[in-house]
Every structure is written in C-alpha cells, then in structure tokens.
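What follows is a single structure, written as structure tokens, with notes after it.
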Amino acid sequence: MRARLGPRTTVVIITRDRRDELLRTVDHMTSLPDAAPVVVVDNASSDGSAGAVAAGHPEVGLIRAGANLGSLGRNLAVRGVTTPYVAFCDDDTRWEPGALTGAADLLDAHGALATVTARVVVEPDLFEDPLMPELRDSPVPGPGWLPGPALLSVLAGATMFRVAAFREVGGFSPRMWLGGEEELLAIDLAARGWWMCWAEDVVVRHAPSTLRDPRRRRQLGIRNTLWTTWLRRPPRSALRRSTTILRSLPRDRASVAAVAEALAGLPWVLRERRVVPPQVEEGLHLLEEPQRRSVARR
C-alpha cells in the first residue's frame, strides 16, 4: 500500500463569543506533535475572537461566518478540507498529544469505519466524563473487526470523522442547528452501512465553559431528540421512545417550550421522515434502557 503523503487530519474548531477559551484551545491544538492543520469557524462572535486568532495564529485557517451557524459551521469548514479525516473540537475541548494520530490510525486500518469518538476527561481534575461508561458498555452489536464498542451516536467535539462518510450523509442537519445534533448524523451513517466506535486510548480533555445558556441548550437538546426520534424510528418505537422522553422531562417552562418547538416542526418532520433499516433500529432499541438509566443524561 502506498504511504499517504501530507497530513491525514484537519482539525475544525467552531466558536462563538469565547475568545479566551478559543485562544487556549488554538494554542494547544497548534502545538501538538500530531501536526494537523487547524481551521477555526467563528460564528459571528462579537468579542474579537476572529481578530485574535488572525493576529496570534496566522497559520490557522479562519472562516468568519456572517451569522451564528451553530453546528453548520462544521459543514462549512469541511467543504474546503482536503485531508481524508476531520477532527472536530469545540472551543473548550482539546485533543491530547497522540490522540489525533491514534484515531487516524484506526480509520486507516478499517475502511468501513466512519468515526472514532475519544474518551473524554474533564479538567481540572481529569476525571472521566460521566457519559463515558455508556460508550464503553455500548450494547450496540458490531462486527469482530471493530476496534472498540459500536456506537449509534457520537460526541461532535471529541470525534474524528472520515470526510467521505461525513459528506455522503450531508454533514449536520440544518434543521438541528445545535444541541444533540450528532444523533441524526450518526443514525444516517449507520443506515448507509458505516460503523462508528469509541476508543479508550484516544483522549480528549474538556474544560466546560461557563459562557453558555444552559436553559436554551436544554431546550434544543429535547427538541432535537424528539425530532430525530420522529424522523427515523418506526411508528411503534417512535411512540415508545417519545413517551419515555416526555416522562423524564422536568416540569418547567423550558421543557414546555422545547416540546412546543418540536411539535411546531411536525409538518417538515413528516415530509422528511425516513425510517432506518431493521439492523439500525435493533441497535437503537438496545440503547433505550441504558439511556433511560443514565445518570449523565439526567
């Protein structure tokens, strides 16, 4: 096999109004021994983020979005990527030295593998993110060659994608915008025969930002989870899963607003609905109980 010349992976970081955190992440990602090119998509920040990156890191690709594109900023960056793989960062997540190389090696070795999701540790104490046991113990059936537990969703800010697979499914949905946007993309990859896995030895650090709107983020997460369920699950499964989601919600205004927003989207959901193949539905069904019991999700 011919050796691949040049970098295998491009790092894409999306950001909005987190200048200091962004600069720390860019400093880190540009100093890694993995030597991957970095692209920053600034989602119309008002705090000088784009200018600070341009001044401090002229080697970094910079896309100044004219509006807050949310996760679609990643799609915009991937259009210009020439490497076979892309590793996504948020402005508060950073790949550990060697992690980009390790994930790319797994994608090189397994042509049907679309994504590698890292083990996430939380700064400053570097304890494991509470969601990691769910990924480590994933009940999704996978082939014997898969180099880690099979997944049917990923963590965008800690995942490397095969660019061809990402483009094949159209990237992140413009309907979802942000907040649980990864689930629909992952399900669509699986429906097309791609595999996704979690890798214990590939590590990403997360320094959770305090500069966020947790109420709105929760609303988007609820809305997008319902939309994904209605878009891809068979009727009986969609009803069962929706009932579980609704029963788990706190009885507050944010939940009511999220459900109302989801219901308002029903006309387009029904127009664009496409049920997954039986083998993908089997995996989604197996995930329901671990998700219901998940402490991290609550």
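The values are calculated or read from the model by the stated rules, or taken from the named source; none is laboratory data. Bear in mind the structure is a predicted one, so any value in this text is a computation, not a measurement. Cβ atoms come from the backbone with ideal geometry, glycine included; neighbour counts cover every protein chain shown. Ligands, DNA and RNA are excluded from the accessible area calculation, which covers all protein heavy atoms including side chains. Shrake-Rupley method; radii C 1.70, N 1.55, O 1.52, S 1.80 Å.
Structural remarks
- Distance between the 7 Å Cα→Cβ label points at VAL256 and ALA44: 2.9 nm.
- Along each principal axis, Cα extent of the chain, largest first, Å: 52, 48, 39
- Cβ-based charge dipole, the chain, positive-most Cα from ALA257, ALA199, THR25: ALA257
- Qualifying chymotrypsin sites (Phe, Trp or Tyr not before Pro) in segment 123-228, DSSP loop, other Cβ atoms within 10 Å at most 13: TRP145
- Shape call, segment 27-71: gyration tensor on alpha carbons, a/c limit 1.5: prolate
- Compactness of segment 210-298, taken as the C-alpha radius of gyration over 2.2 N^0.38 Å, stands at 1.12.
- Per residue, segment 4-81 exposes 43 Å² of accessible surface when a 1.4 Å probe is rolled over the protein heavy atoms with every protein chain present.
- For VAL60, distant residues with modelled amide H under 5 Å away: none
- Loop-located trypsin sites (Lys or Arg not before Pro) in segment 68-118, at most 13 other Cβ atoms within 10 Å (DSSP): ARG79
- Cα gyration tensor shape for segment 76-139, rounded if a/c is under 1.5, else prolate or oblate: oblate
- Taking only Cα atoms of segment 6-121, radius of gyration then Dmax in Å: 13.7, 43
- Here is how the number arises for the chain: DSSP H runs of 4 or more residues each give -39500 (n - 2.57), the sum is divided by the residue count, and the result at 222 nm is -12500 deg cm²/dmol.
- For the chain, a Gaussian network of Cα nodes joined below 10 Å ranks ARG241, ARG215, ARG16 by mean-square fluctuation, and the top entry is ARG215.
- Whole-percent carbon and sulfur share, accessible surface of the chain, 1.4 Å: 55
- Heavy-atom accessible surface of ILE245, to the nearest 10 Å², is about 20 Å², with a 1.4 Å probe and all protein chains retained.
- For the chain, there are no membrane-span-like helices by this rule, meaning no whole DSSP H stretch whose C-alpha atoms cover at least 18 Å of axis and whose Kyte-Doolittle mean is 0.5 or above; this says nothing about an actual membrane.
- Sites VAL121 and LEU266, calculated FRET efficiency, Cβ-Cβ separation with R0 45 Å, nearest 0.05: 0.70
- The chain - percent relative contact order, Cα under 8 Å, separation 6 or more: 18
- Extension gain for ARG273-ALA67 works out to 71.4 nm (0.36 nm per residue, less the C-alpha to C-alpha distance).
- Segment 199-298: relative contact order in percent, alpha carbon pairs under 8 Å with at least 6 residues between: 35
- Radius ratio Rg over Rh of segment 232-276, counting only Cα atoms, Kirkwood formula for Rh: 1.01
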